[in-house]
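Read-outs: derived from the displayed coordinates by stated rules, not from any lab. Every value quoted in this text rests on a predicted model; they were computed, and no experiment measured them. Please note: Cβ atoms are built from the backbone with ideal geometry, for glycine as well, and neighbour counts cover all protein chains shown.
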Amino acid sequence: MARFGIEARHLRAYRAAADREIGLFEQVLAPLLHSRGPDASARAEENTRELAALSVRLHATLVKSGLPAAIRR
């Protein structure tokens, strides 16, 4: 990313966005994480993996769909 002019100071925005997303996922997963069922831990791990994968896909889609508009500005 450095060759495009993105420096360490720019990465703070990425980190802040990731932290907000993690907070949202923690809220969504909280009931399952606090569940004491026999398979609660396994379900929480599976849901966490699925949310992470969906989040990556959503982020990529949003960025890809927004870039053409940014180029036209």
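For the stretch 41-73, the set of residues classified as over 18 Å from E26 (Cα atoms) and either among the small types (G, A, S) or not in a helix (DSSP H, G or I) (or both) consists of A60, S65, G66, A69, A70, R73, listed by residue number. Residues of the stretch 25-50 that are within 28 Å of M1 (Cβ to Cβ) and either surrounded by 12 or more Cβ atoms within 10 Å (Cβ to Cβ) or in contact (Cβ under 8 Å) with a residue 24 or more places away in the chain (or both): F25, T48. Of the residues making up the stretch 8-25, those that are more than 18 Å from A60 (Cβ to Cβ) and either among the small types (G, A, S) or touching a helix residue (DSSP H, G or I) at 6+ places or on another chain (Cβ under 8 Å) (or both) number 3. Residue count for the stretch 8-25 under the criterion of being under 9 Å from the mean Cα position of the chain (by Cα) and among the basic types (K, R): the result is 1. Test S55 against the stated conditions and say whether it is touching a residue at least 24 places away in the same chain (Cβ under 8 Å), of a type in the set (G, A, S) and on the phi < 0 side of the Ramachandran plot. Against the criterion (touching a residue at least 24 places away in the same chain (Cβ under 8 Å), of a type in the set (G, A, S) and on the phi < 0 side of the Ramachandran plot), S55 qualifies.
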